[in-house]
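I have placed the structure first, in the form of C-alpha cells, so that the comments after it can refer back to it.
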Amino acid sequence: MLLADLVDRGLDPEQAILFVIDGGKALRKAIKDVFGEHALVQPLPSPQGAQRLHLLPERDRPQILARIRARGR
C-alpha cells in the first residue's frame with residue numbers, strides 16, 4: 001500500500017503528520033492504521049455545499065455555512 005511504502009522509504013510514523021484528504025472514509029482509516037495517533041487528518045471542505053448556498057433563504061445561509069465548515073473539521 002502507498003502509505004506503508006512511504007514508511008518503508010523513510011517517513012517517520014512517530015512524527016506528527018498532517019494529511020489533507022478528500023473525505024474518503026477508507027483513506028482516513030488507512031492513515032490511522034499506518035500512522036496511528038500521530039496522524040492529523042483534515043478533510044477538504046465540501047465545495048458543493050458552499051456552491052448551493054444561494055438556493056437557501058438569506059436568513060438561513062450563515063447557519064448552514066457554519067455546519068458545512070464544522071463538518072469539514
Mind checking which pairs have a first residue in region 1-26 that is under 11 Å from HIS38 (Cβ atoms) and a second that is part of a loop (DSSP other than H, G, I, E, B), Cβ under 8 Å, 6 or more apart or different chains? ILE17/LEU11
Search result, residues across region 1-13 that are over 15 Å from VAL41 (Cα atoms) and in a loop (DSSP other than H, G, I, E, B): MET1, ARG9, GLY10, LEU11, ASP12
Take the residues in region 1-20 that are within 27 Å of ILE68 (Cβ to Cβ) and loosely packed, with under 14 Cβ neighbours inside 10 Å; name whichever of them is modelled with the lowest pLDDT. VAL20
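The values are calculated or read from the model by the stated rules, or taken from the named source; none is laboratory data. Just so it is clear, the model here is predicted, and its values are computed rather than measured. Note: ideal-geometry Cβ built from the backbone for every residue, glycine included; neighbour counts use all protein chains shown.
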